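The values are calculated or read from the model by the stated rules, or taken from the named source; none is laboratory data. Here the structure is a predicted model, which is why all the values come from computation and not from measurement. Neighbour counts are summed over all protein chains in view; Cβ atoms, including those assigned to glycine, are modelled from backbone coordinates with ideal geometry. For the accessible areas, the whole protein counts, side chains as well, though only heavy atoms, and no ligand, DNA or RNA atoms are used. Shrake-Rupley method; radii C 1.70, N 1.55, O 1.52, S 1.80 Å.
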Amino acid sequence: MKLVVVSAGLSAPSSTRLLADRLAAATLGHLDAEPEVIELRDLATEIARHFVTGFPPARLAAALDAVAAADGLIAVTPVFAASYSGLFKSFFDLIDKDALTGKPVLLGATGGTARHSLVTEHAMRPLFTHLRALVLPTAVYAASEDWGQEGLERRIARAGAELARFLAPAAGTAAPDVDTAAAIAPRSPTGAITSVDPAEGFTVVPFEERLAALRVG
């Protein structure tokens with residue numbers, strides 16, 4: 001099983017790479033997988049050359065192949081101008097249109113302020129939905145003040161556990177059946193994917209009962 005981590009951080013060290021490493025560790029704590037980290041800053045020149053020539057240099061071709069061959073993907077970007085970085089977008093613009101179809105993807109982003117915390121939802125999630133990836137329910141945004149806080153660690157742990165549940169069937173030789181898929185990809189009673197573990201149980205109150213309670217009140 002192969003887990004690929006794409007980090008678009010520009011500095012060394014970078015908070016983006018730190019978040020990517022934390023998300024990978026949280027995932028690998030639940031399963032046995034082979035991780036590979038792709039640092040986009042090391043490929044910036046090759047990415048630009050590919051756009052100009054139409055042919056990827058060897059290192060970039062290897063990175064694109066690694067993403068296509070991965071069982072699961074962690075993608076983390078810094079926030080620039082309230083969205084993902086241009087380097088991040090440029091790399092995924094070069095991915096084959098079918099390479100991420102049905103592939104579980106865990107999203108992460110870093111920024112200097114919590115005001116950009118919705119970048120994972122209004123920018124990153126639509127991008128990977130367009131690529132037909134299976135985007136996990138929990139995305140992790142880390143502002144500068146979040147580091148060292150329990151809230152960030154809890155979000156990282158929850159996101160890593162979700163990705164591990166989606167990746168678990170990849171260790172087998174066949175696609176999971178419906179029951180297995182439900183176990184590793186938690187769903188609500190309506191069938192929507194959720195971060196709630198089914199083992200914890202659900203309390204479902206019919207809508208008619210809710211209306212009746214309002215009338216009585």
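Taking only the range 113-133 into account, find how many residues are assigned to a loop (DSSP other than H, G, I, E, B), touching a strand residue (DSSP E or B) at 6+ places or on another chain (Cβ under 7 Å) and over 15 Å from residue 78 (Cα atoms). Step through it out loud before you land on a result.
Step one: list which residues in the range 113-133 are assigned to a loop (DSSP other than H, G, I, E, B), which gives 113, 117-118, 131-133.
From what's left, touching a strand residue (DSSP E or B) at 6+ places or on another chain (Cβ under 7 Å): 113, 117, 133.
If we keep only those that are over 15 Å from residue 78 (Cα atoms) too, we end up with 133.
Of the residues in the range 113-133, 1 are assigned to a loop (DSSP other than H, G, I, E, B), touching a strand residue (DSSP E or B) at 6+ places or on another chain (Cβ under 7 Å) and over 15 Å from residue 78 (Cα atoms).
Give the number of residues within the range 13-31 that are more than 18 Å from the chain's Cα centre (by Cα) and open to solvent by 70 Å² or more (accessible area, probe 1.4 Å).
Looking only at that region, the number is 1.
Looking at the range 185-207, can you tell me whether even one residue there is within 24 Å of residue 101 (Cα to Cα), among the acidic types (Asp, Glu) and at pLDDT below 90?
no
Output yes when any residue across the range 134-148 is out of contact with any strand residue (DSSP E or B) (no Cβ under 7 Å at 6 or more places or on another chain) and of a type in the set (Gly, Ala, Ser), and no when none is. Explain how you work it out, then say what you get.
Taking the range 134-148 and keeping what is out of contact with any strand residue (DSSP E or B) (no Cβ under 7 Å at 6 or more places or on another chain), we get 138, 144-148.
Keeping just the survivors that are of a type in the set (Gly, Ala, Ser) gives 144, 148.
Checking the range 134-148: at least one residue is out of contact with any strand residue (DSSP E or B) (no Cβ under 7 Å at 6 or more places or on another chain) and of a type in the set (Gly, Ala, Ser).
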